[in-house]
Structure formats: C-alpha cells, structure tokens
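Take a look at the structure below.
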Amino acid sequence: MGREAPGSISPISEARARLRESLSEGTYAHSLAVSREAARWAAAFGADPDAALWAGLLHDCAKGLSDEQYLALAQTAGLEIFDAERDAPSVLHQRLGALWAAERFGVRDPAVLLAIGCHTTGAQVMDPLARCLFVVDWVSPDRTYEGVEVLRATLAKGVEEGFAAVLRAKRDVVLAKGLPDHPWARAALDRWTSD
Ligand SMILES: [Fe+2]
Ligand SMILES: [Fe+2]
C-alpha cells in the first residue's frame, strides 16, 4: 500500500498509475523526478517530505493541453485570467493543476494545493513547501538546460539562495522570450528578492 493523499483515500501508487495514463512520457518522468527530489529537499526547506512527494508528483497533472483548452477550462472554473496567461495559456496549468489535484486526486492538504498552484510563477505568499516545489521543479535531475548546474550549485549552498536564484532565472527566461510579466512572478520577486 502506498502513501495516502493528505486527507484522502487515494494511495500514491494509484495516483502514479493515473498520471502515467494521462501525461506524456516526458512529463510523467519529470513528475516522478520532481516528486522524489522534492521529498529529498523538503526538510531543508522546512516542509513535510510526504506532502512534497505528493506536490511533486501532481504538480504538472494539468500539463499538455492546448491553449484553447486552458483558456476554456480556466474560464469554466471561474479563474481570473491575467494578460500574461492569455498570451501564454499553458501557465494556467499551475492553477488548474491545483484544482485537479483536489478534484481528481483527492488532495485536501492546502499546502500541497498552494504549492502546485504557484509552482511556475511563484507568488507573494509561498510557504516552505511552495518554495521547495518551485525550486525543485526548475532544477530536478531531468532538467538539462544551459545554466541548470549553476542553479543546482547555488541551491547546494542554501535553500534561500537557491530560491532567489530560481526566481531570477525564471524572470530572465521570460524576459529573453519577450513574454509579458506574470503578476504573481512580479509579486514573488518583490517579496522574496531585493530586485
Ligand atoms: Fe509545471
Ligand atoms: Fe514541472
């Protein structure tokens, strides 16, 4: 018997099997990697390892939809859609993922849902689990982009340094791609860095 979703009756093995069916092979492998890595780093961030295991596993459960699907589902769910999300609707997978984690996977732990809901942009309010997931998602072992080793080395020096470095690295990616600033990302930078 695997671990239970916080406050639910779903074992984690069942959640893995369902994700394997619904996600692409790459996203599924990434989700497993982030799940393991988040659990490994949780204590350093001051987060609960079991909650981190779940947050990592489910964080991308709404990944892989079309832009039209993201916008339609967000509208149906009554989410406020920011301009940055109209330009890049896949960002909505963080908030839809939190909804699905609750509705489809039975997660009740608000910390897990908060972490999933802001894992891409960050947010002004981020507890230890949210900070852990945000960082680990960007430096998990399956990531191979240029510069990831520098971020991993920064994280190895300390979780606060690692968190600030990932916030800045993500801002730089958005700027380089010419994407609009997401208000939550701006709020996170303002709250958690001196930038
Ligand atoms: Fe994601
Ligand atoms: Fe991810």
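Before moving on, here are some points about what is shown:
- Some residue of segment 115-131 being within 16 Å of ligand 2 (Cβ to nearest atom) and over 24 Å from Glu37 (Cβ atoms): no
- If you go through segment 57-71 and pick out every residue that is surrounded by fewer than 21 Cβ atoms within 10 Å (Cβ to Cβ), assigned to a helix (DSSP H, G or I) and within 16 Å of ligand 2 (Cβ to nearest atom), you end up with 0.
- Verdict on Ala111 being closer than 19 Å to His93 by Cα, touching a Phe, Trp or Tyr at 6+ places or on another chain (Cβ under 6 Å) and either within 16 Å of ligand 1 (Cβ to nearest atom) or in contact (Cβ under 8 Å) with a residue 60 or more places away in the chain (or both): no
- Within segment 177-191, the set of residues being at pLDDT 95 or above and part of a helix (DSSP H, G or I) comprises Pro183, Trp184, Ala185, Arg186, Ala187, Ala188, Leu189, Asp190, Arg191.
- Failed criterion for Val135 (all others in (1) within 13 Å of ligand 2 (Cβ to nearest atom); (2) free of Cβ contacts under 8 Å to residues at least 24 places away in the same chain; (3) not aromatic (Phe, Trp, Tyr) hold): (2)
- Residues that are touching a Pro at 6+ places or on another chain (Cβ under 7 Å) and of a type outside the set (A, V, I, L, M, F, W, C) do not occur anywhere in segment 172-193.
- Contact map, segment 24-42: residues that are at pLDDT 95 or above paired with residues that are near ligand 2 (Cβ under 10 Å from one of its atoms) and of a type in the set (Val, Ile, Thr), Cβ distance under 8 Å, separation 6+ or inter-chain. Pairs shown: Val34/Val136; Glu37/Val136; Ala38/Val136; Trp41/Val136.
Okay, residues lined up against (1) within 16 Å of ligand 2 (Cβ to nearest atom); (2) surrounded by fewer than 23 Cβ atoms within 10 Å (Cβ to Cβ):
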| position | (1), (2) |
| --- | --- |
| Ala42 | no, no |
| Ala55 | yes, no |
| Leu73 | no, yes |
| Asp87 | no, yes |
| Ser90 | yes, yes |
| Leu99 | no, yes |
| Ala102 | no, yes |
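The values are calculated or read from the model by the stated rules, or taken from the named source; none is laboratory data. None of the values given here were measured: they were computed from a predicted structure. Glycine gets a Cβ as well: all are built from the backbone with ideal geometry, and neighbour counts include every protein chain shown.
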